[in-house]
Amino acid sequence: MNMIVANRPVAPAATSSRPLVRIVIVGHVDHGKSTLIGRLLHETGSLPDGKFETLKAVSERRGMPFEWSFLLDSLQTERDQGITIDTTQIGFRTPHRDVVLIDAPGHAEFLRNMITGAAQADAALLLIDAFEGVRDQTRRHGYLLHLLGVKQVAVIVNKMDRVGFDRQRFQAISDEISAHLTGLGVTPTAIIPISAREGDGVGAASKRLGWHDGPTVIGAIDQFEPARALEQLPLRLPVQAIYKFDDRRIVAGRIESGHLTSGDEIVIMPAGKIAKIRSVESWPATSLRERHHAGHAVGITLDRELFLERGDIIGHTNSAPRATKRLRARIFWLHDEPLTAGSAILVRLGTKESRATVAAIDKAVDPGELSNAASAAIARNHVGEIDIALAQPVAVDIHTDNPHTGRLVIEVNGRIAGGGLVIGIDAAQRATPIDIVPMESALQPEERAARYHHRGAVLWFTGLPGAGKSTLARALERRLFQSGGSPVLLDGDTLRAGLNGDLGFSAKDRSENIRRLAEVAVHLARNGHIAIVAAVSPSTEDRAAARRIAGDLFREIYIATPAEVCESRDPKGHYAKARAGNLSGFTGIGNDYEAPHASELTIDTSHRAIAEATGDITRMLSRTGVLLDTVADLAAS
Amino acid sequence: MQRPSPVPPSRKPLSSPALVSSNAQLAPDPDGGLAGPSMDRLDQLEAQSIYIFREAFARLKKLALLWSLGKDSNVMIWLARKAFFGRVPFPALHVDTGKKFPEMYAFRDHYGKEWELDLRIEPCPPIDAVDPTLPPAARSAARKTEGLKMALAKYGFDGLIAGIRRDEEATRAKERVFSPRGLEGGWDVRDQPPEFWDHFNASPPPGAHLRIHPILHWTEADIWAYTQRENIPIIPLYLAKDGKRYRSLGDADITFPVESNAASIAEILVELAETKVPERSGRALDHETEDAFERLRVAGYL
Ligand SMILES: Nc1nc2c(ncn2[C@@H]2O[C@H](COP(=O)(O)OP(=O)(O)OP(=O)(O)O)[C@@H](O)[C@H]2O)c(=O)[nH]1
Ligand SMILES: [Mg+2]
């Protein structure tokens, strides 16, 4: 029996500061995955007392030589059939890492179990039998690692004893698998020849593999890094539940990325409702941390009573996830029945579930095959791209923007049937029924013009933050209104709080923001109003798009106040924040504002008083036929 | 029945290596976590378990937590209280073989009240009602499976939360976090559903139930380090007396102590870092035949 020496200064495994890495072992059936794990535990002295003897007895009872794989293949059918059926996990330590080894079955029949294991891993060892070489499950597992987001992969060429430790054989396999993995966007961290059964290359370098100058398996494991929490990304808090156990209404969930603090302005997607975090609740009621980070399970209360529900995602107002009813995803399929266009499915995105229909299927292939003929349905254990039409709007990210909120699983009959990555979000398609018939106004444009003394127009104010767009826009709004006109102000920031609350400041989101502003503005202009848009709109291309949407109703007014003047004004304190590095995606301090060259009017507010500038604008409007004579005279006076 | 003498929750921090290292990483990180992971391992385990608890509570209609009174299920209760802000919003079920240690009953009666648990104590049938082909200790343990089935029939739970861990035993290592059970309560090891990215299969067919395993990913050492950090009370049988202590508590007649001088949690942690004796070595039922444990589990044992 063991003995202990009390109070020896050894840090217990559970709380040591050594990195913990989860490593999955994958590869074709019988290539030696379970054997390698048994061997690794043996080499690192991690087997419990008596285990070796038990395994020996179990092997003998079955009339077999010693089988390392029986350590993890604990089920009777696994031992009887000599294959792994379900995934399992076991812990051990290398010189520099605490490791959880995840064994995965290699048989295609149990791919769902391989995925269950591999999805939990930070890194993978892809095993290949030196004698058999690369096989279909080798390729399929390689592909799935990539879909599951496992980026660190070392290749192990096992059973070198079966090929006489031949260097050429190793090189040939090494070349083949490297080419395959590189094609999938994966660069192996190492390619290592070993004999798992005999121990060569597992823990110590082996004479028989003297020609190999790379690491051993344990050396490769020591290079793997644990996956990092997604703290640098924008806040994503999927709502798990709303609890009312007492007078508090607690919104509970786990922060998937970013961080939050009480007082933060948040937006609840997909509805786009805005609120503030009043408090962060915990039990016992001690809040050691000011800021709560990705990975924490939290409970928050809000400053107002809003309707929100499980499945909503909370983000910060300037970097919220998208809302959509239409997605494109790259998926793997595990269900017996192939997935076809038109299939009714249940989609789970974080804590959200929504019924959905598969609108289209593309690139359905078997990732285990070398030559890939695409088919119309995604068969079991195959992959493909699908368009999904959701019954309800959902909050979501593209997986390259956020790996956690950018992935989904598909359920059929209450059982997980597939999963994959969100590769496209169709914002334009959202909530648009197929059979819309645009309805014309009952009024003629002339009737409105007669009342307002102006025609409809889109006045597009562009310029740096602080240039004076809003001030001028408001002054113009008042002047037009006083003379009987019908101006409507569309301020970029104001609309971001509602209509555009789902948009952030990426280039793509900015374009979408401009598109929506232009659409709303042109709708108003067609109905005779003067839509006054005040938006930084830094991109020439986006403004060109707005001009395309509004056509000849468009008048661009460039507020060309010099950058230094804008920064010294800093009405919203944004320049200061951006200089301090606290505001990402801010236009102003970089050179990211693309000045227009062919505006209808250019105004520098550092040289022009507001009244003068407003006069400049009304004159331009008269000149270009927006203001009709009477109102032009009135406005000029 | 004697007064419970749980290990006193000492309020002052102990200067064990375990506590020092975990506290060091609890401090707020001024760089917003950019400098390194802001959560230590116990924080991560805790957050994962809380997530599982909340998923179970959101997705199942009638839950119960299996409270075996041991170190693992006490950690579970603690985690449930964290998940639900101080209360356990479902019944705590003690399937009572009637053969537990007196200290365990004392603990149950005391903390059932203190933690305001909705405690349901359910008996097990006599030994004759149990599969006679099982080896003796396994047969004795299988009474608990029968008791569990009776409780399920009585209350109609669709989810049972159980404190098993992967590192305890090789077939438990094959478990899912949400593990479906058949109508008879059986575990179909050959056809477990896929489970990934923290998406769980939570739709048991009518009449069947799910086992939910919120601490499946914890190790024995994690349990003790967390118990120490959080000052969770324990049954004193876990601490060494006269050179012996229990590492795992089951029925008094089929559970045996191991040799140990670890008289505090800090000493247990040091012992675990060194020992190569498996945790359940004192559980007779694990060692009777190669497949005894698997047979028990397939039939619905924990
Ligand atoms: N000669 C030789 N045989 C090996 C080696 N490694 C494993 N084997 C044998 O290959 C067979 C399959 O090994 P396993 O470890 O069960 O293979 P696996 O990859 O885990 O198989 P599945 O989990 O069923 O996919 C066993 O009989 C092993 O003893 C090796 O390095 N050399
Ligand atoms: Mg195997």
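Here the Karplus relation 6.51 cos²θ - 1.76 cosθ + 1.60, evaluated at θ = phi - 60°, turns the backbone of segment B:158-164 into coupling constants of 9, x, 10, 8, 10, x, 7 Hz, with x for every Gly and Pro.
Scaling the Cα radius of gyration of the protein assembly as shown by the globular reference 2.2 N^0.38 Å produces a ratio of 1.10.
Among the GluC sites (Glu not before Pro) found in segment B:169-260, those both in a DSSP coil and sparsely packed, with 12 or fewer other Cβ atoms within 10 Å of their Cβ, are B:Glu184.
Projected label points at A:Arg228 and A:Thr77, each 7 Å from Cα along the beta carbon direction, are separated by 4.3 nanometres. Taking a straight Cα-Cα cut-off under 16 Å and skipping sequence neighbours fewer than 8 places away in the same chain, the aspartates and glutamates within cross-link reach of B:Lys61 are B:Asp158. Here the label points at A:Ala360 and A:Gln444, each 7 Å from Cα along the C-beta direction, are separated by 4.3 nm in the simple model.
Counting other beta carbons within 10 Å of each residue's own, what order do A:Asp49, B:Asp96 fall into, fewest first?
A:Asp49, B:Asp96
Hey, what angle do you get for helix A:610-623 against the long axis of chain A, alpha-carbon based, 0 to 90 degrees rounded to 10? Helix A:610-623 sits at roughly 80 degrees to that axis.
Proximity of backbone amide H atoms, modeled 1.01 Å from N, is registered between A:Glu281 and A:Gly299, A:Ile300, A:Thr301 at under 5 Å, excluding neighbours fewer than 5 places apart on the same chain. Taking other C-beta atoms within 10 angstrom as a stand-in for reagent exposure, A:Arg169, B:Arg190 fall in the order B:Arg190, A:Arg169, fewest first. Only lysines eight or more places from A:Lys207 in sequence, or on another chain, were considered; those with a Cα closer than 16 Å are A:Lys159. Grab the beta carbon distance between B:Lys154 and B:Ala129, set R0 = 22 Å, and tell me the FRET efficiency rounded to 0.05. So the FRET efficiency works out to roughly 0.85. As a length-normalised measure over Cα pairs under 8 Å and 6 or more apart, the relative contact order of segment A:408-561 settles at 33 percent. Take every Cα pair under 8 Å whose residues are at least 6 apart in sequence, average their separation, divide by the length of chain A, and the relative contact order is 9 percent. Shape summary: segment A:322-425 maps onto an equivalent ellipsoid whose semi-axes, from the alpha-carbon gyration tensor, are 21, 15, 12 Å in decreasing order. With K and R counted +1 and D and E -1, the other residues having a Cβ less than 11 Å from that of B:Thr97 yield a net charge of -1. Under 5 Å between amide hydrogens, built in the peptide plane, is the criterion, and for B:Lys62 it picks out B:Asp158, B:Gly159 among residues at least 5 positions away or on other chains. Note on segment A:12-223: antiparallel DSSP beta bridges, both residues inside, total approximately 25 percent of the bridges counted. What the Cβ-Cβ distance of B:Asn261 and A:His96 gives, at R0 = 30 Å and to the nearest 0.05, is a FRET efficiency of 0.45. Of the trypsin sites (Lys or Arg not before Pro) found in segment A:16-105, those in coil by DSSP whose Cβ has at most 15 other Cβ atoms within 10 Å are A:Arg62.
Expressed as a whole percent, how much of the Cα-Cα distance distribution for segment A:237-316 exceeds 18 Å? Tail of the P(r) past 18 Å holds 31 percent of the pairs.
In terms of Cα atoms, the Rg and Dmax of chain B work out to 19.1, 64 Å.
Tell me, rounded to the nearest percent, the portion of alpha carbon pairs in segment A:12-223 spaced more than 20 Å apart.
Of all Cα-Cα pairs in segment A:12-223, 54 percent lie more than 20 Å apart.
If R0 is 45 Å, the Cβ-Cβ spacing of A:Ala377 and A:Glu53 corresponds to a FRET efficiency of close to 0.30. Which far-off residues, 5 or more places away or on another chain, put their amide H under 5 Å from the one on A:Thr94, with H placed in the peptide plane? Residues meeting the amide H criterion: A:Val99. As a rough footprinting exposure proxy, the listed residues A:His146, A:His28 were ranked by other beta carbons within 10 Å of their own, and the order from fewest upward is A:His146, A:His28.
Partner shielding of B:46-52 amounts to 4, given as the average count of beta-carbon atoms from other chains within 10 Å of each residue beta-carbon. Each DSSP beta bridge with both residues in the protein assembly as shown is either parallel or antiparallel, and the antiparallel ones are about 60%. Taking all Cα pairs closer than 8 Å and separated by 6 or more residues, the relative contact order of chain B comes to 22 percent.
The share of Cα pairs per 10 Å bin across segment B:235-284, counted from zero up to the longest distance, runs 28, 59, 13 percent. In this structure, the pairs whose alpha-carbon distance is over 27 Å, taken from A:Lys273/A:Lys508; A:Lys244/A:Lys572; A:Lys51/B:Lys174; A:Lys276/B:Lys82, are A:Lys244/A:Lys572.
What separates the Cα centres of segment A:472-486 and segment A:50-81 is a distance of 87 Å.
None of the figures in this text is laboratory data; all of them are computed from the coordinates on show. Nothing here was measured: the structure is a model prediction, and the numbers come from that model. Every residue, glycine as well, gets a Cβ built from its backbone with ideal geometry; the counts of neighbours run over all protein chains shown.
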